[in-house]
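Have a look at the structure below, then the notes.
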2 protein chains.
Amino acid sequence: MSIQIHAVSQSFHGRSILKDINLTIEPNKIYGLLGRNGAGKSTLLNIISNRIFPSQGTVTLDEESMNDNDRTLGRIYLMSEVNLYSERAKLNKLFDTTELMYGSFNRQYANDLADKFGLDLTSRFGKLSTGYRSIFKLIVALCVPADYIFLDEPVLGLDANHRELFYQELIETYSETPRTFVISTHLIEEIANLIEHVFVLDDHKIVINGSVPDILERAYTISGPDADVKQYTAGLNIIGEDHLGGITAHYVYGALADDRPIPDTVKLEHLDLQKLFINLTTEKKAAAHVS
Amino acid sequence: MSIQIHAVSQSFHGRSILKDINLTIEPNKIYGLLGRNGAGKSTLLNIISNRIFPSQGTVTLDEESMNDNDRTLGRIYLMSEVNLYSERAKLNKLFDTTELMYGSFNRQYANDLADKFGLDLTSRFGKLSTGYRSIFKLIVALCVPADYIFLDEPVLGLDANHRELFYQELIETYSETPRTFVISTHLIEEIANLIEHVFVLDDHKIVINGSVPDILERAYTISGPDADVKQYTAGLNIIGEDHLGGITAHYVYGALADDRPIPDTVKLEHLDLQKLFINLTTEKKAAAHVS
């Protein structure tokens, strides 16, 4: 039981967009899909949900191919940045259409959410601000009966209160009806406690694929006097550094040196997920240091 | 020397958008302008930069009225969510136009920033993603020779690395050439250490106007057993609350009870700026409790 992405590559006009992607997406789990602008996240989500075909590779759901397979497709839903709705359509009508397509769309919950977010369902889609377009698309995504729900930039334009409300509602609906969510977002720190497992795409490849606690366990800031820090981190996987006066901070991802004691002058702390991401995906460093 | 916003109100089709706004914006200072979606932030910025006229009230710069006054207007720049540029125009050409309009536009710095953000200046504006539109508009805003620069949602669509780069560049250009920045954003925690002074708009009125350290000094989370918390916070300005099992958290903004000792069972912590904002501006509470 899972979605299997096997050796998926994509290129467009000779430019590589995805290179040999291999992932497993399990049932009833919350994932984060992180990457720089242009890393290929949206393309990957479009391939998984069968909106576009990969140049190479396959995507299967419970070992069935997804290509034009209605039975598997109804189980996957993609909320994307692209607006698929007619500008003139009223939101209520768009709920009707979704209900017709999916059958068991949770209309009661959709109405409750519209109320909580202050969304007037008699508005036309084209009249909504960036934030309220995201909110409308979010509500649909939380109310369709799919087993695998992919959210591409779900909080674009939302204010802090609405973002918090969305995170709360996501946890609540997930607890009541477990299913899989894959969240792609640039607000990494805000979802760090929400996701169990993270995929990081960089330079069109997967560079991190693991459980969030395991990954944060291996991410360190090592700071202190220049010479002491350099001596301690020699040979470690340094993914970034900062300097201020005579003080150096090295960001390290991976095992520390078991045979080398940490000098008293050197401070060891854990990195948070956003800071780890920034250091892993900054151009000059990413290619060389990621394992 | 300052911008004075005096008794500014705005209504549109009988709906109130701004109510009696009084603010002073001083030279060489970094401000945050915070508010929910729809609170009136963009309208206020448009009035200050003379793009629209207020229904009532005045805006002056160094005691001169801003209405159609070219001398004062060249000193103010607004980067807004609205795209003022032709979709077909090339970015290089748009720099030329800005240079013609402002004279001393910092072209060298603009080119350096484009390079740092990976923005290709031969692209057409209409071909840019949401993130890169923001980046282009940011670059213009950092390079015009204005004394007062207003940034409305400057990081919309930017990835975490580009947001960090922007915050760094802002601090650097501000240190080299002090001038005033007013930043309106929904990513409150990310700018909390950048801004000296904050304005909070809620329900079309200014509800907070003060220095960030002073405000955070007065914002508390008080948590512990239900009864103990309630007893201690009785009569204080409670702006929000959370409950979990038998534990209550009260969020308080304002002075604590000097005459009442804090019970041992009760924990007192400071709120961060984003959490304070969310509690102050949640609909049911905002009107009653804000002073």
A:R71 being in contact (Cβ under 8 Å) with a residue 24 or more places away in the chain, surrounded by fewer than 15 Cβ atoms within 10 Å (Cβ to Cβ) and either small (G, A, S) or not in a strand (DSSP E or B) (or both): no
Odd one out for A:S80 among (1) under 21 Å from the mean Cα position of the chain (by Cα); (2) modelled with pLDDT of 95 or more: (2)
Test result for A:K41, basic (K, R), within 14 Å of chain B (Cβ to nearest Cβ) and surrounded by fewer than 19 Cβ atoms within 10 Å (Cβ to Cβ): no
Segments classed as helices (runs of 4 or more DSSP H), wholly inside the stretch A:159-248, with at least 3 members that are touching a Ser or Thr at 6+ places or on another chain (Cβ under 9 Å) and within 13 Å of chain B (Cβ to nearest Cβ): A:160-176
The stretch A:98-116: number of residues that are small (G, A, S) and surrounded by fewer than 16 Cβ atoms within 10 Å (Cβ to Cβ): 2
Residue match in the stretch B:118-132 (condition: under 25 Å from B:G40 (Cα atoms), assigned by TED's automatic domain parsing to the domain that holds B:K41 and part of a helix (DSSP H, G or I)): yes
Positions within the stretch A:111-132 being over 25 Å from the mean Cα position of the chain (by Cα) and of a type in the set (K, R), in sequence order: A:R124, A:K127
Out of B:S49, B:S16, sole residue that is within 18 Å of B:V140 (Cβ to Cβ) and either of a type outside the set (A, V, I, L, M) or exposed (fewer than 13 other Cβ atoms within 10 Å of the Cβ) (or both): B:S49
B:F95 surrounded by 19 or more Cβ atoms within 10 Å (Cβ to Cβ) and within 14 Å of chain A (Cβ to nearest Cβ): no
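Okay, residues lined up against (1) of a type in the set (A, V, I, L, M, F, W, C); (2) away from every other protein chain (no Cβ under 14 Å); (3) touching a Gly at 6+ places or on another chain (Cβ under 7 Å):
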{"site": "B:I30", "(1), (2), (3)": "yes, yes, no"}
{"site": "B:M66", "(1), (2), (3)": "yes, yes, no"}
{"site": "B:T72", "(1), (2), (3)": "no, yes, no"}
{"site": "B:L78", "(1), (2), (3)": "yes, yes, no"}
{"site": "B:E87", "(1), (2), (3)": "no, yes, yes"}
Residue in the stretch A:81-101 that is in contact with a Pro (Cβ under 7 Å, 6 or more places away or on another chain), under 30 Å from B:T282 (Cβ atoms) and not in a helix (DSSP H, G or I) present: no
From the options B:L156, B:L151, residue that is surrounded by 18 or more Cβ atoms within 10 Å (Cβ to Cβ) and assigned to a loop (DSSP other than H, G, I, E, B): B:L156
Only listed residue being farther than 26 Å from B:G131 by Cα and not in a loop (DSSP other than H, G, I, E, B), chosen from A:L23, A:L33: A:L23
Scan of the stretch A:1-20 for residues that are in a loop (DSSP other than H, G, I, E, B) and among the small types (G, A, S), ordered by number: A:S2, A:G14
Boolean, A:D226 is outside the structural domain of A:N106 (by TED's automatic domain parsing) and free of Cβ contacts under 8 Å to residues at least 24 places away in the same chain: yes
From A:T180, A:T185, A:T248, residue being among the polar types (S, T, N, Q), surrounded by 20 or more Cβ atoms within 10 Å (Cβ to Cβ) and more than 25 Å from the chain's Cα centre (by Cα): A:T248
Search result, residues across the stretch A:36-64 that are of a type in the set (A, V, I, L, M, F, W, C) and either under 20 Å from A:L187 (Cβ atoms) or assigned to a strand (DSSP E or B) (or both): A:A39, A:L44, A:L45, A:V59, A:L61
Conditions (1) buried (at least 16 other Cβ atoms within 10 Å of the Cβ); (2) over 28 Å from A:L276 (Cα atoms); number of the one not met by B:K127: (1)
Residues within the stretch B:253-278 that are more than 19 Å from B:A192 (Cα to Cα) and surrounded by 17 or more Cβ atoms within 10 Å (Cβ to Cβ), tallied: 1
Flag if B:A39 is modelled with pLDDT under 95, of a type in the set (A, V, I, L, M) and farther than 23 Å from B:F105 by Cα: yes
Selected residue [assigned by TED's automatic domain parsing to the domain that holds B:A39 and under 22 Å from A:Q274 (Cα atoms)] from B:I206, B:I149, B:I139, B:I195: B:I195
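The values are calculated or read from the model by the stated rules, or taken from the named source; none is laboratory data. Worth saying up front: this structure is predicted, and the values here are computed from it rather than measured. Using ideal geometry, Cβ is built from the backbone for each residue, glycine included, and neighbour counts are taken over all protein chains shown.
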